[in-house]
Amino acid sequence: MTWLWRRGRALVVAAPVLWLGLFFLMPFLVVLRVSFAEAVIARPPFSELLDWADGLLTVTLNLGNYTFLVEDDLYIDAYLNSIRVAFVSTLICLVIAYPMALLIARSKYRNLLLMLVILPFWTSFLLRMYALIGLMSPTGFINSALALAGIGPITMMQTDFAVYAGIVTGYLPLMILPLYSTLEKLDESLLEAAHDLGAKPWKAFLTVTLPLSAPGILAGSLLVFIPAVGEFVIPALLGGPDQLMIGKVLWTEFFNNRDWPLASAVAIAMLALLVAPIMFVRNALGAKE
Amino acid sequence: MTSKTHSALLAALTAGAASFAPALVPAAAVAAEEPVLYVYNWSDYIAEDTIETFEAETGIKVTYDVFDSNEVLEAKLMAGSTGYDIVVPTGAFLARQIQAGVFSELDKSKLPNIANMDPEIMERVAAFDPENKHAVVYMWGTTAIGYNVAKVEEALGADAPTDSWGLIFDPENAAKLADCGISMLDAPVEVIPAALNYLGMDPGAKDKESIEKAEALLKQIAPHVRYYHSSQYINDLANGDVCVSIGWSGDVFQARDRADEADNGVEIAYTVPKEGALMWFDMLAIPTDAPHPENAHKFLNFLMDAQVAADITNYVWYANANVEATPLVDPDITSDPGIYPTEEAKKKLYTSVVYDSKADRLLNRAWTAVKTGR
């Protein structure tokens, strides 16, 4: 029996491990490998790392791609700007999502309201971004309405504002849902106790609700922040030409410069830059709990 | 499992793979090709009945997919095993792809209609494809300026220099047009040569110094440019969201048609400036790993038929390179100097050069600097 049990467990674990190994680890290793190659005009357009000739195995690692990232301040600026945009968007999402999540968690129509939060996911992400273009373009919905009132037109498209609007509308549900799930589990008797002990509502919020919802805040923020850093579609569709984001830089390297190795190095560097601080935050919070 | 069921299963599997997943088809060509063909062409770039007619004539079932940038096509080709039998890269891209060994040589004995092709144009494209071994011209056009007639007049007066690149490249004009909206193709290989040409320099210059001069000019007008994008402007010109665009000829005509259809009072015109403009060629070629090269040759020959080529031009408003087709093309199109330039204007047209990877990087770095203003 134990033998069967153990075997069953191994099988259950094997499926996700195999999946991650095949579709996450392998592509990552491919990208890592390409990042140490050199761009060539051939198919595929990068050099081989291993060379076997006359019984001699040569490994050529081109570190030039990584040093190039430091030499040209374009890449560092793009990283910093991406992190800034992602950080600000996450903050905006948090500020909007928190009261919404709180309201939903305490409402008697929570199922309906939750449904409304999830509803946008039923429409393609790309379509929602195109809808925003229709809303914000110079002859779009908002400007047409303003024109009736004799105001405008206001330039919204191709600005930072449009990018923030895009990221916030796109990712807001990802912030609301984890917040809701922690707030919903919050024991209301704790708030009653705080009230009985003389805490004003805002004090009860700051000392009871907010700290207890920290895991939701962290989860929601990571869900918004991480994809926002590497976001390509939103800045490409809504953003201005002067907005330097790493997703666009990566596109240029890959498609315009046809430099797959450098594009891979950009991606690996971004991963390294993001994973370290995020692991740190997670561990710090985990230790506290 | 007996060897008989084994091979039957294998046959069923390969047949399934062939009909559902072109990417999985083995590269080895079989003697008798299946009557299917996979074509990968630009979006909005063929007449409505071309494919239908070909299917009816030959019994070959065509799967027709579209792309909207050379970069996307090239990335697919370089990764290999696209499963496509015919792709349509633009000249300079084709040149590099030939160098990378992406395309097989054409078997001209299967292409009798190649006699219809304009020798002058075929000679021009030999710069990309020596001796025209790998490709034939599908359509060609120019990269110049599309503009909103009323809005430009409003901003610059009746004597606006619509016959010159100065309309955009003169910072004073650009500043006045900024409010109604300037857009440029997001393609340094198209815009930087135009800037060099406007400055009176060699449009094909690849050296750092020349590219820096073009960069300086483009940076001057960058604050007045609303965006750099290679397809958005079709809609925006038609809606009146932008008023001047550096764009591809046929796309501007499409914008003009859309504005006409919408009947929104927007009048769009296309101008090939007197300083000259870039002349580009979209080329039909067969990848080395194309699963159905026989059928691909049949399709190429079909596209070079005078009537077929004329029908396509009448629909997409791009010039073909087929001399026999010219009399069959709508006179409205052949008389439009934006599509079929006069002999004199033709002399001013220049073709794009093939950039090596170092020049590519210079060009794209300059372009990023222009776009981000740094």
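Bear in mind these aren't lab numbers, they're just calculated from the coordinates by the rules spelled out. Worth saying up front: this structure is predicted, and the values here are computed from it rather than measured. Neighbour counts run over all protein chains shown; Cβ positions are idealised from the backbone, glycine included.
In table form, for the structure just shown:
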{"quantity": "Within 10 Å of each Cβ in A:67-75, the average number of Cβ atoms from other chains", "calculated": "1"}
{"quantity": "For chain B, share of DSSP beta bridges that run antiparallel, in % to the nearest 5", "calculated": "55"}
{"quantity": "On Cα atoms only, tilt of B:293-303 relative to the major axis of chain B in degrees", "calculated": "40"}
{"quantity": "All Cα pairs of the protein assembly as shown, percent lying beyond 31 Å", "calculated": "63"}
{"quantity": "For residues of B:184-192, the mean tally of beta carbons on other chains within 10 Å", "calculated": "1"}
{"quantity": "Whole-number Å³ per residue for the convex hull built on Cα positions in segment B:271-314", "calculated": "103"}
{"quantity": "Candidate lysines for bridging to A:LYS185, where Cα separation is under 29 Å - those fewer than 8 sequence places away on the same chain excluded", "calculated": "A:LYS108, A:LYS200, A:LYS203, A:LYS288"}
{"quantity": "Two-site label geometry, A:VAL88 and B:THR288: point separation in nm, points 7 Å out along Cα→Cβ", "calculated": "4.9"}
{"quantity": "Sorted peptide list for B:176-185, B:134-143, A:70-79, criterion being average Cβ within 10 angstrom, highest first", "calculated": "B:134-143, B:176-185, A:70-79"}
{"quantity": "Exceeding the 29 Å Cα-Cα cut-off - candidates B:LYS208/B:LYS371; B:LYS206/B:LYS347; B:LYS208/B:LYS347; B:LYS347/B:LYS371; B:LYS206/B:LYS274", "calculated": "B:LYS347/B:LYS371"}
{"quantity": "Peptide ranges B:160-169, A:42-51, A:104-113 listed from the most packed, as the mean C-beta count within 10 angstrom indicates", "calculated": "B:160-169, A:42-51, A:104-113"}
{"quantity": "Per-residue mean of C-beta atoms belonging to partner chains within 10 Å, peptide B:351-361", "calculated": "2"}
{"quantity": "Long-range Cα-Cα pairs in segment A:245-285 (distance over 12 Å), rounded percent", "calculated": "60"}
{"quantity": "Neighbourhood net charge (15 Å Cβ-Cβ; Lys/Arg +1, Asp/Glu -1) for B:PRO341", "calculated": "-2"}
{"quantity": "Structure-based [θ]222 nm, chain A - -39500 (n - 2.57) summed over DSSP H runs of at least 4, per residue, nearest 500", "calculated": "-22000 deg cm²/dmol"}
{"quantity": "Per-peptide average of other Cβ atoms within 10 Å, ordering B:195-208, A:220-233 highest first", "calculated": "A:220-233, B:195-208"}
{"quantity": "Cysteines not pairable in the protein assembly as shown (beta carbon separation under 4.7 Å absent)", "calculated": "A:CYS93"}
{"quantity": "Convex hull of segment A:66-223 built on C-alpha atoms - directionally averaged projected area, nm²", "calculated": "14.0"}
{"quantity": "Expected 222 nm ellipticity per residue - DSSP helices of 4 or more, -39500 (n - 2.57), all of chain B, to 500", "calculated": "-13000 deg cm²/dmol"}
{"quantity": "Most mobile listed residue (B:TRP280, B:TRP42, B:TRP317) in chain B, GNM with C-alpha springs under 10 Å", "calculated": "B:TRP42"}
{"quantity": "Angle in degrees between helix A:26-35 and the longest Cα principal axis of chain A, rounded to the nearest 10", "calculated": "60"}
{"quantity": "Candidate lysines for bridging to B:LYS108, where Cα separation is under 29 Å - those fewer than 8 sequence places away on the same chain excluded", "calculated": "B:LYS61, B:LYS76, B:LYS133, B:LYS298, B:LYS346"}
{"quantity": "The protein assembly as shown: antiparallel DSSP beta bridges as a percent of all, rounded to 5", "calculated": "60"}
{"quantity": "Sum of side-chain charges, A:ILE92 neighbourhood, beta-carbon under 14 Å (Lys, Arg +1; Asp, Glu -1)", "calculated": "0"}
{"quantity": "Projected label distance in nm at A:LEU190 and A:THR123, using a 7 Å step from Cα toward the beta-carbon", "calculated": "3.7"}
{"quantity": "Neighbourhood charge, 11 Å Cβ-Cβ cut-off, centred on B:ALA100 and excluding it, Lys, Arg +1 and Asp, Glu -1", "calculated": "+2"}
